[in-house]
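Read through the structure below, which is laid out as structure tokens, and then see the notes.
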Amino acid sequence: MARSPLRFTPFHLAGAVFLLAGLVLAVYHGLMQFDLVPRLGWVSWSHIHFVTIGGFTQLLFGMLPQLTAWKLDRPLPSKYYDWLNFTGLNGGFLLLWYGRGWGQTWAFDGGLVAIWLLVAGLLVVMLRMVMQSDRAWNATTGLYLVSVFVFLWGITYAYGLFSHVWEVPGGWLGLREAHVHANAWGFLGLAAIGTLYDLFPRLLGSDLYSERLRNYSAWFFVAGIFPLITGPWIGMGRTVTATGLVLFATGFALYLYNLVQTYWSTDSRSGIALSVLVAQFWMLGPAGFAPFVLFGVKWVDPGYIEDGALHFFFVGWALPIALTGLLLYFPNLPALREGHLDVDHIPGGNIPSVISTWMVWVWNIAIVVVGVGFFYQDQSWSAYLFGPGYTALVILWLYELVQAFRLRWTLQTDPETTTESGLY
């Protein structure tokens, strides 16, 4: 069976819009820290979740079924399935956001249940593809399935965090930690890692350095994620959670080594590839600081460590990957209407040259500056770190979003880049 080209879905547009909304909320949240705007309690929670549940999850919902079908030589899900998921996910997210921000339990519960059912449906669709495919599924497909399964756990934990607080051995903080591990490292992390194993070599026009390391790392990831999402809430951080951390970190070290060797094995260089590679090192931030919290080593307030770790994960690691996905797929995938680009996995040789090396340096230096500010946020001088750091991040964040829309518009208005074959 010939592989179906990937297509543009409403999730891709929504992902871009949510990342833009997350940018606006992040700016507002930063201004709140300096008492320059009125304080709104829902902004702190929203600006993170507009990037994660909003931007990243939109892109994954749009891409995971297609990438799984592409790898397994299965037909793409129908456009009706895309629209059903799109409407349900965003309706659920709006209910969730309204319920969490304004204390409406019924809305929070309704949104959470809707999202849980849609994620379960996504898992069933992907499992059916695996069962019906004659192609041997590999580490990437396995990571996709595990990531969606773990996301169900994370959503379930959210139910016990807000609307119906659960009494668990690890307490509310332990349940929240398990929720973050499931959604961030489990869902976002494993899905992105599985995709980058395929995508990163293509950015360089090369092959992955080692398929064996890829398979080994996948098993370590799977073995590590389940202790990470159970240890905190059962109150066994120094045993179960720590074991999961070691296993997950081992898998990540193998994964990172594989990407670095892939990068150095070719003379091809691009700003996008460098941005993706450097972003991987920020995953080490949360993993590196976790032992200080687990074993009670206090060099700064544990809450400040958590703030910094979340910053390194979401802004240092997740956001550059989401923006890269947007730059690669958003401008190039065929539209839902008839005119479209005839593409495969990613456009062959059509990698946007919109990220320069100096931008990668500025972005990552700003990540360090803001991260240090989080660790010492009780000091008056931290404002001198937050100000320039956030300014640089916001400017580059906005720049990449604008470039994604510009590239999309250019391709849709250039008659030489479209075809009317009507395959969709």
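Worth pointing out:
- Neighbour counts of other Cβ atoms within 10 Å put Thr195, Thr410 in the fewest-to-most order Thr410, Thr195.
- Taking every DSSP helix (H) stretch of at least 4 residues in the chain, weighting each as -39,500 (n - 2.57) and dividing the sum by the residue count yields a mean residue ellipticity at 222 nm of -22500 deg cm²/dmol.
- 14 Å reach of a label modelled at Ser270, 7 Å along Cα-to-Cβ, counting backbone N of region 177-215: 196, 198-207
- By the count of neighbouring beta-carbon atoms within 10 Å, fewest first, Met32, Met283 end up ordered Met32, Met283.
- Principal axis extents of the Cα atoms in region 96-236, from largest to smallest and rounded to whole angstrom, are 51, 32, 29.
- One quarter of the convex hull surface built on the alpha carbon atoms of region 1-125 amounts to 8.0 nm², the projected area averaged over directions.
- Panel order for Trp116, Trp42, by other beta carbons found within 10 Å of each beta carbon, from fewest to most: Trp42, Trp116.
- Working from Cα pairs under 8 Å separated by at least six residues, relative contact order for the chain is 15 percent.
- Region 377-407 and region 141-188 have Cα centres spaced 29 Å apart.
- Inter-label distance for Ala223 and Phe34, nm, one decimal - labels placed 7 Å from Cα along Cα-to-Cβ: 4.9 nm
- Radius, Kirkwood style, for the chain when every pair of distinct Cα atoms is counted (Å): 22.1 Å
Only the coordinates and a few stated rules stand behind these numbers; no lab work does. All of these numbers come straight from a predicted model, not from anything done at the bench. Neighbour counts are summed over all protein chains in view; Cβ atoms, including those assigned to glycine, are modelled from backbone coordinates with ideal geometry.
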